[in-house]
Ligand SMILES: [Zn+2]
Ligand SMILES: [Zn+2]
């Protein structure tokens, strides 16, 4: 399934295309940086002259900044759900194309990319971790190391359908660091960021052990 690279048709509309997404379908994915939105460090949209959203003002996150590529909306949300459950090469190629376009706009680059892990039981059931795939693609593209520094030692419930408070409680203390590290600037990679609770919990584990700056790289941000 994975490893095949010649595209002949567009993943979305099946028209003949040299890449996974044809030029006309590309318009369905507008990168957030092109939308000129004022955003908080957590990626939330800011209105008026606020410099931070209420949640970040009340409790500043451990991460430095979220770099999210696209809005988590149709058709990207469908592609991501499809990918999570079926892991088809064509869907992965499509997501990879969008992801690599996004990561080329991120600056400054970190010293290392670290995927946000799944608990081993969930990873085993799913057969892969989409965050790991994204981290590897970006690492290859940008010539950065990709190191699985974190471990999710608590099997938590899905964050879906939970409030910000419930998400925070659900994920608290569930990440640990696998081995000592010497990186100052780390980017954590995930597929979708919602409230940022998971990313913040993972960032906290790294900051506690000496990282000075932890960024979050995500393919999509849910609003
Ligand atoms: Zn198309
Ligand atoms: Zn915020």
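None of the figures in this text is laboratory data; all of them are computed from the coordinates on show. Predicted, not measured: the structure shown is a model, and the values here were computed from it. Every residue, glycine among them, receives a Cβ derived from its backbone with ideal geometry; neighbour counts consider all protein chains shown.
Structural remarks
- DSSP beta bridges confined to segment 30-221 are antiparallel in about 20 percent of cases.
- Remark: relative contact order (segment 16-148) = 21 percent; criterion is Cα-Cα distance under 8 angstrom and separation of 6 or more residues.
- Mean Cβ count within 10 Å, highest first, over the residues of peptides 34-42, 211-219: 211-219, 34-42
- Entry note, the chain: the mean residue ellipticity at 222 nm calculated from DSSP H runs of n ≥ 4, each adding -39500 (n - 2.57), is -9500 deg cm²/dmol after division by the residues and rounding to the nearest 500.
- Likely footprinting exposure, 120, 29, 128, fewest C-beta neighbours within 10 Å first: 120, 128, 29
- Three-way shape label, segment 30-221, alpha-carbon gyration tensor, a/c 1.5: rounded
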